[in-house]
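Here is the structure we will look at.
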Amino acid sequence: VLEKVLNDTSPSTGAGPAVGVTVTDGRLTLIDADTQSRWEFTGVAAAVAVPAAGPVTATASAAGGPSRLEADVSIGDATDVKLKTAAFPLAAAAPFARRFDPAVKLAGTLTTDLNASIQPGQAVRAAGRVTAENFEMTAG
């Protein structure tokens, strides 16, 4: 029975199901398998809404020591992003960056208050403030 469903290549008709996920007072631990570095963020709050039709929305906030992160994202015909960070450790993003270049190394902290919009067929528009302290990046 499942083989027929899995091999069905006909286009989907109708709206898909609406899905929502909420995280309250969570903890996120990132471990860099290459360097064994570890970052912990507490007080994690997140909400993702995937409606049957319309834009997908996500909000998240977290703290880790002096670090703070807040993000609001809406993905539909256009993509809108609001990002606020305070002393966010760039090294915590290095494992994700290494998916594009395995030799990437990042260091320093990032503080932002940024709004960006991506419209199909148009340039990315961004406004706000980005500050990096003790920034280091190497790549292969």
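The values are calculated or read from the model by the stated rules, or taken from the named source; none is laboratory data. Since the model is a prediction, treat every value here as computed from it, not as a measurement. Cβ: placed from backbone, ideal geometry, glycine included. Neighbour counts: every protein chain shown. All accessible areas refer to the heavy atoms of the entire protein, side chains included, with ligands and DNA or RNA removed. Shrake-Rupley method; radii C 1.70, N 1.55, O 1.52, S 1.80 Å.
Laid out as a table, the results:
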| read-out | value |
| --- | --- |
| Net charge contributed by nearby residues that have their C-beta within less than 13 Å of T111 (K/R +1, D/E -1) | 0 |
| Surface accessible to a 1.4 Å probe, per residue, for the residues of the chain, Å² | 70 |
| Mean-position separation - Cα centroids, the range 110-139 and the range 17-52, in angstrom | 22 |
| log₁₀ of I(q)/I(0) at q = 0.15, 0.22 Å⁻¹ - the chain, Debye sum with one point per alpha carbon | -0.96, -1.36 |
| Estimated FRET transfer efficiency (A45, V124; beta-carbon r; R0 22 Å; 0.05) | 0.20 |
| Surface accessible to a 1.4 Å probe, D77 within the full protein complex, Å² | 140 |
| Per-peptide average of other Cβ atoms within 10 Å, ordering 57-67, 115-125 highest first | 57-67, 115-125 |
| Nonlocal amide H pairs with V104, under 5 Å, H built at 1.01 Å | G140 |
| Proximal aspartates and glutamates to K105, defined as alpha-carbon separation beneath 14 angstrom and excluding residues fewer than eight positions away on the same chain | D32, D34, E136 |
| Estimated vicinal HN-Hα couplings, Hz - the range 88-102 in sequence order (Karplus 6.51, -1.76, 1.60; Gly, Pro = x) | 6, x, 4, 4, 5, 8, 4, x, 6, 5, 5, 5, 9, 8, x |
| G43 long-range amide H proximity, modeled H, under 5 Å | G26 |
| Under 5 Å, built H, 5+ apart or other chain: amide partners of S37 | D32 |
| Integer Hz, Karplus 6.51/-1.76/1.60 couplings in order for the range 27-38, x for Gly and Pro | 10, 10, 10, 9, 10, 7, 5, 6, 9, 6, 6, 9 |
| Positive minus negative residues near D80 (Lys, Arg vs Asp, Glu; Cβ under 11 Å) | 0 |
